[in-house]
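Undergrad: Got a structure for you, questions after.
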Amino acid sequence: MALLTFVCEDNEKQLAVFAQIIKQYIMIKNLDLNFVLATVDPLAVLAYVQEHPQEPGLYFIDIDLNHEMNGLNLAAKLRKIDHAGKIVFVTTHSEMLYLTFTYKIEALDYIIKDNSTMVAQKIRDCIDVAYERYLNERTQSTQFLQIKLGDQIRLIDQTLVMFFETAFTAHRVILHLANSELEFYGSIKEIERAHSNFYRCHKSYLINPDQVKQIDSAKRLVEMSNHELCLVSVRALPGLLKLTK
Amino acid sequence: MDAISKPLLHVIFLYLNCKILQEEKKATKKELAIIVGLVLFSPIIYHFLRLSYSLIILPGIYLSLLTTSDEALATLGIVSYGSIFLLISNNLATIILNLLTSNMARLSVSQKSIFFWAFSFSLSVSFCWCLVKIAKKVKLNFNLDLKRNLFVTLMGFVTMVIGYTNAYLRLVLGNSPNLIQLNTLFLISYFLISILVFILYVLSIRNKEEIKRKEFEAEALQQYTEEVELHYNEVRKFKHDYQNILSSLDQYILDNDYEGLKAFYLNKLKPSFDEISKSEFKLGSLSNIKIPEIKSIFLVKLLLAQSLGIKVQVEVGEPIKHIAMDSLILVRILGIILDNAIEEIQVLTSEFNKSLSIALFESKDDIQIIVKNTCHYELSSIHQLKREGFSTKGNGRGYGLSILSELLNNLHNVILETKIENSDFTQRLIINQKKEA
């Protein structure tokens with residue numbers, strides 16, 4: 001199954017240029033990419049993806065499409081169907097919405113078209129990154145951790161989890177990832193019950209044994225791969241040593 | 001028998017009352033040691049000092065409570081209110097007991113004292129518990145408000161002194177049931193009046209805060225208008241320039257002077273592209289926030305940031321009409337987050353990029369608010385950022401973050417995600433719209 005590639009841009013001249021750059025690059029590098037559509041009509045992209053919901057895509061989308069559906073709406077709709085899709089925004093400097101692209105759409109990247117000399121190179125870079133991620137996702141099936149936030153469920157790659165920690169107040173848990181943390185409503189006990197691959201090394205800590213960097217048995221501390229420290233109880237120490245041996 | 005149990009129980013009950021008012025379930029070893037000492041020695045102190053033994057007991061309890069709290073004033077208030085409740089309960093218990101014994105068969109002295117302590121215990125505990133619950137209902141943290149209001153603490157303290165003097169005089173001058181009833185009535189009415197005054201006081205403070213908030217909004221609006229006017233002038237200037245440019249283009253084309261056109265494009269037009277993106281009105285999209293309080297907190301803080309030479313970026317793509325939480329709490333949360341961000345950017349040395357970006361958008365059932373600022377700290381410090389009193393900026397600051405966690409803890413539909421990546425500190429507030437706390 002090839003990675004499907006789409007371009008949606010309202011300026012026909014730019015559309016042709018982008019399509020040309022992409023087609024050429026696929027040919028030169030002989031990538032397993034299928035160039036599907038270069039269009040001015042966002043609904044055409046949406047229609048194709050709705051018919052082929054199982055196939056992952058790489059989308060280059062202009063923000064201002066001169067259509068009642070703008071690029072951001074199109075991307076949000078595509079994201080609902082194609083969760084793993086790679087979305088790249090093509091935009092002018094003044095339309096740039098960096099945080100919204102990153103956090104709302106989880107866009108792969110963005111290309112600023114004001115500077116025409118950089119555009120071709122940036123498109124090629126995006127194809128490389130998207131292709132690499134696509135290959136990675138195809139070979140390994142990642143296990144996801146489900147976190148309930150109200151009525152919503154957020155998926156987090158289990159291998160990236162460092163540890164869970166009880167928060168100051170009851171019924172709150174802090175999840176630590178490599179460089180971020182997330183506080184949510186829940187209990188360590190429930191998480192421990194649902195995911196046997198984590199280890200309860202202390203009353204207030206549930207750690208991912210794969211991310212342990214080193215254990216200080218004397219001080220009863222465990223250092224995770226991101227240098228954060230967790231406490232280890234006397235009772236849990238032998239089990240942890242065995243697990244990480 | 002009574003001489004031993006009375007001071008002993010007095011200390012224990014008073015301590016329990018204070019703990020309830022303090023809303024603190026845990027006790028330190030030091031604290032317990034002082035209490036146990038007081039309990040053991042209280043009969044002896046009572047034996048020697050008789051009625052003035054409270055002069056030792058009360059400071060003792062005060063000291064022991066201080067070991068868990070660093071708020072000397074708030075703790076004084078707690079001890080005062082705790083002992084007032086115990087005093088009132090003791091008197092009420094005496095009255096109830098008098099009523100009961102006149103109706104029922106005479107009880108023995110020890111039975112009487114058991115009844116007495118059972119009554120006063122349950123009364124005082126329920127008084128304290130009710131006060132804490134009521135305070136919570138009207139969204140006051142008892143502990144917190146005592147901390148802020150010297151007045152309320154002093155009122156409690158004076159009431160306690162009057163109450164104890166009253167009790168002391170009563171015991172010295174004689175202890176007739178009528179006198180007790182009269183005293184209790186007097187004390188209760190005094191206390192009710194005090195509470196009424198307290199409530200009026202809090203309400204007046206609230207009004208003051210409301211007025212302050214309105215002033216703050218008006219000021220923000222004023223600044224915003226000035227900013228818009230400035231921008232409007234820029235647009236007018238641009239329009240003028242644009243017309244000039246078009247007419248010169250016209251001239252070059254009509255003359256078929258393509259060399260001249262090329263030179264004009266490269267020298268005049270191209271540089272002006274940069275000018276256009278530079279003079280952008282950065283706060284314009286804030287107009288998409290339709291909640292005045294939220295818009296004004298962003299306006300004030302972002303205008304402040306701009307005036308400090310920070311590059312500000314705002315992204316509000318679509319109108320935000322409703323956010324499923326108390327907007328005053330959200331304003332406080334945003335105020336802390338933005339203040340922290342601005343402070344952090346300010347300590348950056350000039351080799352760093354100084355920028356602050358915010359975004360608001362709706363995704364599925366959530367509203368997300370993102371604040372991103374450049375920063376200098378290392379990844380490992382994120383762990384400590386939320387700890388009380390800890391701040392990378394030195395001692396005494398950083399309380400904002402612990403207040404932030406405190407505010408967030410009561411909101412079940414809100415989560416905060418913090419992230420440090422490539423010297424960017426990002427805070428992401430996710431508010432679930434379907435499940436309002």
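The values are calculated or read from the model by the stated rules, or taken from the named source; none is laboratory data. The model shown is predicted, which means the values in this text are computed figures rather than measured ones. As a convention, Cβ positions derive from the backbone with ideal geometry for all residues, glycine included, and neighbour counts pool all protein chains shown.
Undergrad: For the stretch B:350-367, enumerate the residues that are out of contact with any helix residue (DSSP H, G or I) (no Cβ under 6 Å at 6 or more places or on another chain) and either in contact (Cβ under 8 Å) with a residue 12 or more places away in the chain or within 14 Å of another protein chain (Cβ to nearest Cβ) (or both).
TA: Going residue by residue through the stretch B:350-367, those that are out of contact with any helix residue (DSSP H, G or I) (no Cβ under 6 Å at 6 or more places or on another chain) are B:350-353, B:355, B:358, B:360, B:362, B:364-367.
Result: B:PHE352, B:ASN353, B:SER355, B:ILE358, B:LEU360, B:GLU362, B:LYS364, B:ASP365, B:ASP366, B:ILE367.
Undergrad: A further question follows. Can we say B:TYR242 is in a helix (DSSP H, G or I), modelled with pLDDT of 80 or more, surrounded by 11 or more Cβ atoms within 10 Å (Cβ to Cβ) and within 14 Å of another protein chain (Cβ to nearest Cβ)? Break it down into steps so the answer makes sense when it comes.
TA: Details: in a helix (DSSP H, G or I): yes; modelled with pLDDT of 80 or more: yes; surrounded by 11 or more Cβ atoms within 10 Å (Cβ to Cβ): yes; within 14 Å of another protein chain (Cβ to nearest Cβ): no.
Against the criterion (in a helix (DSSP H, G or I), modelled with pLDDT of 80 or more, surrounded by 11 or more Cβ atoms within 10 Å (Cβ to Cβ) and within 14 Å of another protein chain (Cβ to nearest Cβ)), B:TYR242 does not qualify.
Undergrad: Inspect the stretch B:284-307 for any residue being modelled with pLDDT under 80 and closer than 30 Å to B:ASP366 by Cα and give the result as yes or no. Please lay out each step first, then the result.
TA: Of all residues in the stretch B:284-307, those modelled with pLDDT under 80 come to B:284.
If we keep only those that are closer than 30 Å to B:ASP366 by Cα as well, we get B:284.
Checked against the condition, which is being modelled with pLDDT under 80 and closer than 30 Å to B:ASP366 by Cα, the stretch B:284-307 yields at least one hit.
Undergrad: How many residues are within 10 Å of chain B (Cβ to nearest Cβ) and either touching a residue at least 12 places away in the same chain (Cβ under 8 Å) or under 22 Å from the mean Cα position of the chain (by Cα) (or both) when one looks only at the stretch A:113-125?
TA: Within the stretch A:113-125, the subset within 10 Å of chain B (Cβ to nearest Cβ) is A:114-115.
Filter once more, keeping what is either touching a residue at least 12 places away in the same chain (Cβ under 8 Å) or under 22 Å from the mean Cα position of the chain (by Cα) (or both): A:114.
The total comes to 1.
Undergrad: Tell me which residues, restricted to the stretch A:58-84, are within 21 Å of A:ASP32 (Cα to Cα) and either of a type in the set (D, E, K, R) or at pLDDT below 90 (or both).
TA: A:ASP82, A:HIS83, A:ALA84
Undergrad: Identify, please: which residue in the stretch B:219-265 is among the small types (Gly, Ala, Ser) and farther than 18 Å from B:SER287 by Cβ and is, among those, farthest from the chain's Cα centre (by Cα)? Steps first, answer last, please.
TA: Of all residues in the stretch B:219-265, those among the small types (Gly, Ala, Ser) come to B:220, B:247-248, B:260, B:263.
From what's left, farther than 18 Å from B:SER287 by Cβ: B:247-248, B:260, B:263.
Values: B:SER247: 61, B:SER248: 62, B:GLY260: 66, B:ALA263: 62 Å.
So the residue we want is B:GLY260.
Undergrad: Could you check A:GLN20 against (1) free of Cβ contacts under 8 Å to residues at least 40 places away in the same chain; (2) on the phi > 0 side of the Ramachandran plot and say which number it fails?
TA: Going through the list (1) free of Cβ contacts under 8 Å to residues at least 40 places away in the same chain; (2) on the phi > 0 side of the Ramachandran plot, A:GLN20 breaks only (2).
Undergrad: So B:GLU275 clears everything in (1) at pLDDT below 85; (2) out of contact with any His (no Cβ under 9 Å at 6 or more places or on another chain); (3) outside any helix (DSSP H, G or I) except one condition, right? Which one?
TA: (3)
Undergrad: Given the conditions (1) assigned to a helix (DSSP H, G or I); (2) surrounded by fewer than 20 Cβ atoms within 10 Å (Cβ to Cβ); (3) touching a residue at least 12 places away in the same chain (Cβ under 8 Å), and given that B:LYS270 satisfies all but one, which numbered condition is not satisfied?
TA: With respect to (1) assigned to a helix (DSSP H, G or I); (2) surrounded by fewer than 20 Cβ atoms within 10 Å (Cβ to Cβ); (3) touching a residue at least 12 places away in the same chain (Cβ under 8 Å), B:LYS270 is out only on (3).
Undergrad: Return a yes/no flag: does the stretch A:78-86 have any residue that is surrounded by fewer than 17 Cβ atoms within 10 Å (Cβ to Cβ) and closer than 17 Å to A:PRO42 by Cβ.
TA: To start, the set of residues in the stretch A:78-86 that are surrounded by fewer than 17 Cβ atoms within 10 Å (Cβ to Cβ) comprises A:80-81, A:83-84.
From what is left, the residues that are closer than 17 Å to A:PRO42 by Cβ are A:80-81.
Yes, some residue in the stretch A:78-86 is surrounded by fewer than 17 Cβ atoms within 10 Å (Cβ to Cβ) and closer than 17 Å to A:PRO42 by Cβ.
Undergrad: For the stretch A:84-106, enumerate the residues that are under 19 Å from B:SER363 (Cα atoms) and away from chain B (no Cβ under 13 Å). I'd like the intermediate steps shown before the answer.
TA: Residues of the stretch A:84-106 under 19 Å from B:SER363 (Cα atoms): A:84-89, A:96-106.
Those that are under 19 Å from B:SER363 (Cα atoms) and away from chain B (no Cβ under 13 Å): A:ALA84, A:GLY85, A:LYS86, A:ILE87, A:VAL88.
Residues are listed down the side, and each one gets a yes or a no for (1) farther than 28 Å from B:GLU421 by Cβ; (2) not aliphatic (A, V, I, L, M):
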position: A:SER204; (1), (2): no, yes
position: A:ILE207; (1), (2): no, no
position: A:VAL212; (1), (2): no, no
position: A:MET224; (1), (2): no, no
position: A:LEU231; (1), (2): no, no
position: A:VAL234; (1), (2): yes, no
position: A:GLY239; (1), (2): yes, yes
position: A:LEU243; (1), (2): yes, no
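Undergrad: So which of B:LEU171, B:LEU146 ends up being in a helix (DSSP H, G or I), over 18 Å from B:LYS19 (Cβ atoms), modelled with pLDDT under 80 and not aromatic (Phe, Trp, Tyr)?
TA: On the way: B:LEU146 fails: over 18 Å from B:LYS19 (Cβ atoms).
From the options B:LEU171, B:LEU146, the qualifying one is B:LEU171.
Undergrad: Continuing with this model, one more query. Residue check, B:LEU269 against (1) modelled with pLDDT of 80 or more; (2) within 14 Å of chain A (Cβ to nearest Cβ), all met but one. Which one?
TA: The failed condition is (1).
Undergrad: Just to be sure I understand, how many residues within the stretch B:332-349 are free of Cβ contacts under 8 Å to residues at least 40 places away in the same chain and among the acidic types (Asp, Glu)?
TA: At the first step, the residues of the stretch B:332-349 found to be free of Cβ contacts under 8 Å to residues at least 40 places away in the same chain are B:335, B:346, B:348-349.
After this cut, where a residue has to be among the acidic types (Asp, Glu) as well, the list is none.
Of the residues in the stretch B:332-349, 0 are free of Cβ contacts under 8 Å to residues at least 40 places away in the same chain and among the acidic types (Asp, Glu).
Undergrad: Output the residues belonging to the stretch B:31-50 that are of a type outside the set (Val, Ile, Thr) and surrounded by 14 or more Cβ atoms within 10 Å (Cβ to Cβ).
TA: In the first step, residues of the stretch B:31-50 are kept if they are of a type outside the set (Val, Ile, Thr); the result is B:31-33, B:37-38, B:40-43, B:46-50.
Result: B:GLU31, B:LEU38, B:PHE41, B:SER42, B:PRO43, B:TYR46, B:LEU49.
Undergrad: (1) under 30 Å from B:ASP241 (Cβ atoms); (2) modelled with pLDDT of 85 or more; (3) in contact with a Ser or Thr (Cβ under 7 Å, 6 or more places away or on another chain): which one isn't true of B:GLU280, the others all being true?
TA: (2)
Undergrad: Pick from the stretch B:335-366 the residues that are of a type in the set (A, V, I, L, M, F, W, C) and more than 17 Å from B:LEU308 (Cβ to Cβ): which of them is surrounded by the fewest Cβ atoms within 10 Å (Cβ to Cβ)?
TA: Here is the first cut: in the stretch B:335-366, the residues of a type in the set (A, V, I, L, M, F, W, C) are B:336-338, B:341-342, B:345, B:347-348, B:352, B:356, B:358-361.
The next check asks that each one be more than 17 Å from B:LEU308 (Cβ to Cβ); those that pass are B:336, B:359-361.
Numbers: B:ILE336: 17, B:ALA359: 24, B:LEU360: 25, B:PHE361: 23.
This residue is B:ILE336.
Undergrad: Give me the strands (runs of 3 or more DSSP E) completely within the stretch A:164-244, filtered to those with at least 3 residues that are away from chain B (no Cβ under 14 Å), surrounded by 18 or more Cβ atoms within 10 Å (Cβ to Cβ) and not polar (S, T, N, Q), ordered by residue number. Outline the logic, then answer.
TA: On the way: elements: A:172-177, A:180-185, A:199-202, A:205-207, A:212-216, A:221-224, A:229-231.
Qualifying strands (runs of 3 or more DSSP E): A:199-202.
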